[in-house]
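Below is one structure, written out as structure tokens; comments come after it.
The values are calculated or read from the model by the stated rules, or taken from the named source; none is laboratory data. All of these numbers come straight from a predicted model, not from anything done at the bench. Cβ placement follows ideal geometry from the backbone for every residue including glycine, while neighbour counts extend to all protein chains displayed. Each accessible area value is taken on the protein alone, full model and side chains, heavy atoms only, with ligands, DNA and RNA left out. Shrake-Rupley method; radii C 1.70, N 1.55, O 1.52, S 1.80 Å.
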Amino acid sequence: MGSNSIVASLLLSTLLFSVAFSASNDGLYRIGLKKRNIDQNSRLAARLDSWEGEALRASIKKYRFGGKLFGSEDVDIVSLKNYMDAQYFGEVAIGTPPQTFTVIFDTGSSNLWVPSSKCYFSVACFFHSKYKSSQSSTYKKNGKPAEIHYGTGQISGYFSSDHVTVGDIVVKDQEFIEATREPSVTFMVAKFDGILGLGFQEISVGNAVPVWYNMVKQGLVKEPVFSFWLNRKTEEEEGGQIVFGGVDPNHYKGNHTYVPVSQKGYWQFNMGDVIIDSEPTGCCEGGCAAIADSGTSLLAGPTAIITMINHAIGATGVVSQQCKAVVAQYGQTILDKLTAEGSPMKICSEIGLCDIMFDGTHEVSMGIETVVDKKNEARSSGSPRDGMCPACEMAVVWMRKQLRQNQTKDRILDYVNELCEKLPSPMGESSVDCASLDKMPSVSFTIGGKVFDLAPKEYILKVGQGAATQCISGFTALDVPPPRGPLWILGDVFMGRYHTVFDYRKLRIGFAEAA
């Protein structure tokens with residue numbers, strides 16, 4: 001957001017609607033959820049791709065903290081709508097009397113925004129609920145301008161202040177953004193009105209105090225801990241729950257594995273190796289940064305490794321002519337240089353496909369186009385040579401892995417060409433044969449020394465019904481260069497399998513098998 005960024009979301013699956021609030025005798029508050037099959041407009045709305053700013057990204061995610069409210073043992077629960085098993089959202093209210101909005105609870109951003117009644121010139125605003133400050137007795141004028149950029153558009157408007165109701169929690173004098181412009185078609189067809197960010201204030205646009213911070217500051221939750229349970233059972237109406245102030249033991253099995261937050265802003269932590277069909281890829285030998293992101297539908301990672309995964313599961317993407325050209329023209333040269341165990345960037349620089357500069361501790365590729373570095377857009381869209389750099393770096397990664405397995409040079413070149421064929425489409429999607437799920441391998445992630453497996457039924461999203469059903473790979477490519485990257489975004493595909501606890505007091509994240 002602002003100079004901080006916005007991460008992506010590919011909403012692929014089923015939309016839930018018609019929310020009903022209920023309270024159980026354990027003091028937890030729930031919102032019942034329903035689902036609806038995706039249509040083409042929904043699919044467009046699902047493409048909240050983003051990453052803006054050098055601080056990486058902050059897009060559509062969800063977080064929060066704690067305090068105390070309904071009694072020392074009470075916590076507050078917000079049930080979620082499940083948008084195609086790929087996006088989860090629920091209801092909040094703003095103002096007095098309350099005006100209701102459907103929002104994405106986003107652990108990857110930190111601002112709350114909803115459409116404004118003063119949004120006159122954006123078609124998207126006519127399709128969603130709009131906040132009317134004149135109808136709220138608790139509204140306080142602010143007027144400071146605000147703007148958030150997404151990969152497929154942006155929203156802009158100004159800050160206002162009012163009471164915000166989340167479940168049964170009433171946060172007083174909460175600063176939020178009234179969006180007066182939503183020019184993207186993305187928001188026009190979106191199934192949500194706005195976004196409620198649950199990240200750290202470090203990535204808040206305008207340095208606004210996040211809703212979660214005020215929940216804690218105003219003593220509205222018992223503990224500074226919140227947890228996400230995302231229901232991936234498509235036959236069930238309820239899409240999931242956010243528990244504010246603690247965890248619900250009915251949502252998970254066994255114990256949580258906790259890892260410390262490595263950098264505040266997003267819920268970021270250090271991750272170990274990625275494993276495909278019980279075989280380590282070695283892609284995170286030096287460690288990788290990861291983000292637990294409820295606002296990202298899929299699981300995103302470096303193109304080189306995502307392509308290896310999609311190849312292993314039989315996903316079909318768009319052929320990359322540049323990738324195949326690198327193999328044809330430089331394959332043998334790369335293999336020769338790999339015997340010296342050089343880094344991908346250095347090897348590709350030596351053969352003239354990448355430019356490198358040094359910042360004293362890190363090699364930084366100057367040719368990789370990323371959604372994070374907007375400054376590279378002109379270069380990336382320029383000469384064909386610019387696209388050869390990322391293609392070369394991917395080829396080096398793939399070849400090095402094969403060399404370590406003592407494969408022949410011919411087999412290595414054939415393998416890399418196969419991976420070139422599996423590169424994702426420009427929008428990041430790769431499809432698989434729905435009849436082949438039983439034959440697909442598991443894909444695992446090492447966190448806190450423990451291996452977290454994803455089975456095919458957990459990483460494949462089904463879109464449509466009957467003969468028209470399409471199976472989409474839950475893995476999508478997103479390249480973040482050093483020193484920030486490589487970076488993995490563990491979105492709803494992962495969080496649906498593993499119940500996730502966000503512990504603000506101890507600055508840690510916990511994962512356990514979801515019940």
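For the reader, a short list of remarks on this structure follows.
- Computed extension gain for Glu147 through Thr333, at 0.36 nm per residue and net of the alpha carbon distance, reaches 62.2 nm.
- Among 297-304, 225-232, sorting by the average number of other beta carbon atoms lying within 10 angstrom of each residue, highest first, gives 297-304, 225-232.
- When each of Lys346/Lys457; Lys253/Lys462; Lys346/Lys439 is checked by Cα-Cα distance, pairs over 32 Å: Lys346/Lys457; Lys346/Lys439
- Using the Cβ of Tyr120 as centre and a radius below 15 Å, the other residues enclosed give a net charge of +2, where K and R count +1 and D and E count -1.
- Between Asn250 and Glu279, the FRET efficiency from the beta-carbon distance, with R0 = 30 Å, is close to 0.25.
- Distance (nanometres) between label positions extended 7 Å along Cα→Cβ at Ser436 and Glu418: 1.1
- The residues packed around Asp453, meaning those with a beta-carbon under 15 Å from its beta-carbon, carry a net charge of 0 if Lys and Arg are +1 and Asp and Glu are -1.
- With a 1.4 Å probe rolled over the protein heavy atoms of all chains, the accessible area of Tyr139, Tyr498 falls in the order Tyr139, Tyr498, largest first.
- Cleavage-rule hits, chymotrypsin sites (Phe, Trp or Tyr not before Pro), region 254-299, DSSP coil, Cβ neighbours within 10 Å at most 16: none
- Cα gyration tensor shape for region 221-298, rounded if a/c is under 1.5, else prolate or oblate: oblate
- Rounded if a/c under 1.5, otherwise prolate or oblate - region 205-266, Cα gyration tensor axes: prolate
- Of interest is the spacing of the C-alpha centroids, which for region 191-240 and region 272-312 amounts to 26 Å.
- Packing here is the average count of other Cβ atoms within 10 Å per residue, and on that basis the peptides 275-283, 157-165, highest first, run 157-165, 275-283.
- Formal net charge of residues neighbouring Leu299 (Cβ-Cβ distance under 11 Å; K, R +1; D, E -1): -2
- Protection proxy ranking for 440-452, 397-409, using the average of other Cβ atoms within 10 Å per residue and placing the highest first: 440-452, 397-409.
- Length gained when the stretch Asp410-Tyr258 is fully extended (0.36 nm per residue, less Cα-Cα span): 50.3 nm
- Distance between the modelled labels on Phe127 and Lys217, one decimal in nanometres: 3.5 nm (7 Å Cα→Cβ projection).
- Computed extension gain for Val185 through Lys118, at 0.36 nm per residue and net of the alpha carbon distance, reaches 22.2 nm.
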